[in-house]
Amino acid sequence: MKDFLKKIFPKNIIDRYIKYKIYKNRYFDSKENLVYAYKKKQGLLNHAATIETIAIRGSNTDYTFLPQWIDNSYNLGLTSSDVYFNYHLYLKSKEMFPNLKNVVYIMNGFASGMSSIRLNEKYRMVSYKYFFDIPYQEDGFIDEKIERKILRKCEKIRMDVPDDYRGYETKNFFMLSTDAGSRAKTILRENQREPDQMIWIKKIIEQVIEDKKNIFFVIPPYSTKLKDNLPSKEELYKKTYSLLGDYKEASNVQLIDLYDSGLFDDSDMGDNDHFNEKGAKKCTMIIKEYIDKNG
């Protein structure tokens, strides 16, 4: 659509239109946003009896995990969801899926400190709460009037979800207009936020161990330019490495560290920190090797 507009309208008109669209959807209550959450939930219900592997966390998971390459799997990555939300999402999932064995957990640079309810994108949490029945981490951040408006829209969403839908669709949007320096500042802001969110990662590990299932933490690569604007992975992921070090004797808690992997290059990236489909397939096949070996 943007390329088409470029052909017939001046750049300033296009930029004003895009800004208007962003402003209009500032509460993430467009039909597109709500259908996204609806389909993720409905697909779960469609495949609940057969799901053995789920992939959870935020947009990195949504862009990374290709369920068509791993039997009986589902991409449950939800854009801008945090580790608190995904701990509770796991609790819901294990109740829904009688055959669940594996959890794939994409751990990006944001995750250790990011709290979704404190972000500009906090109103995404309204539809997520509606469709997945997970309460907000903190009260007081969501305007009740706006919340009621979004919930009314959620109630009206109805559509047929294809039988072969397993939580992933080919991605047409990448953050190409965001330069590496700006993205790095945002990542570091959330990475260093205090109090951090590591307690929820510890909770999911402990719960997975108690449930006798497997969890695979994946640290994905970034673009060369983004990495040049970030500290070393040892610094960026120091809390993750420290926590997982406490479980190095637990065979069902695995780390797949691809941050500096020579298997990936910039041609695998759709933008600075999200895979394109080529990179996603490569990453998914590596995850599959770990699952097959552990299973």
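Each value in this text was obtained by applying a stated rule to the coordinates, not by laboratory testing. Because the structure is a prediction, the values reported are computed rather than measured. With ideal geometry, Cβ positions are generated from the backbone for all residues, glycine too; neighbour counts draw on all protein chains shown.
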Output yes when any residue across the stretch 138-149 is part of a loop (DSSP other than H, G, I, E, B), touching a Ser or Thr at 6+ places or on another chain (Cβ under 9 Å) and not polar (S, T, N, Q), and no when none is. yes
When every residue in the stretch 57-69 that is in contact with a strand residue (DSSP E or B) (Cβ under 6 Å, 6 or more places away or on another chain) and outside any helix (DSSP H, G or I) is compared, the one nearest to residue 120 (Cα to Cα) is 57
So is residue 277 more than 18 Å from the chain's Cα centre (by Cα) and either surrounded by fewer than 17 Cβ atoms within 10 Å (Cβ to Cβ) or more than 18 Å from residue 214 (Cα to Cα) (or both) or not? no
Just checking, how many residues over the stretch 265-293 are within 18 Å of residue 55 (Cβ to Cβ) and in contact with a Lys or Arg (Cβ under 9 Å, 6 or more places away or on another chain)? 9
Show me the helices (runs of 4 or more DSSP H) found entirely inside the stretch 165-230 where at least 2 residues are over 19 Å from residue 245 (Cα atoms). 180-191, 224-228
Filtered residues of the stretch 111-127 (kept if of a type outside the set (Gly, Ala, Ser), farther than 10 Å from residue 28 by Cβ and assigned to a helix (DSSP H, G or I)): 117, 118
Go through the stretch 133-148 and count every residue that is over 22 Å from the mean Cα position of the chain (by Cα) and either exposed (fewer than 13 other Cβ atoms within 10 Å of the Cβ) or without any contact (Cβ under 8 Å) to a residue 12 or more places away in the chain (or both). 6
I'm trying to understand the selection: among the residues of the stretch 231-274, which are surrounded by 15 or more Cβ atoms within 10 Å (Cβ to Cβ), among the acidic types (Asp, Glu) and either touching a residue at least 60 places away in the same chain (Cβ under 8 Å) or assigned to a loop (DSSP other than H, G, I, E, B) (or both)? 271, 273
Return the residues of the stretch 69-94 that are touching a residue at least 60 places away in the same chain (Cβ under 8 Å), of a type outside the set (Gly, Ala, Ser) and farther than 16 Å from residue 58 by Cα; say none if nothing qualifies. 69, 70, 91, 94
Would you pick out the residues in the stretch 72-110 that are of a type in the set (Gly, Ala, Ser), under 17 Å from residue 274 (Cβ atoms) and either within 11 Å of the chain's Cα centre (by Cα) or part of a strand (DSSP E or B) (or both)? 77, 80, 81
Can you confirm whether the stretch 213-229 contains a residue that is out of contact with any helix residue (DSSP H, G or I) (no Cβ under 9 Å at 6 or more places or on another chain) and charged (D, E, K, R)? no
Can you find a residue that is buried (at least 18 other Cβ atoms within 10 Å of the Cβ), free of Cβ contacts under 8 Å to residues at least 60 places away in the same chain, within 25 Å of residue 174 (Cα to Cα) and not aromatic (Phe, Trp, Tyr) anywhere in the stretch 43-54? yes
Give the residue, chosen from 246, 271, 260, that is among the charged types (D, E, K, R) and farther than 27 Å from residue 84 by Cβ. 260
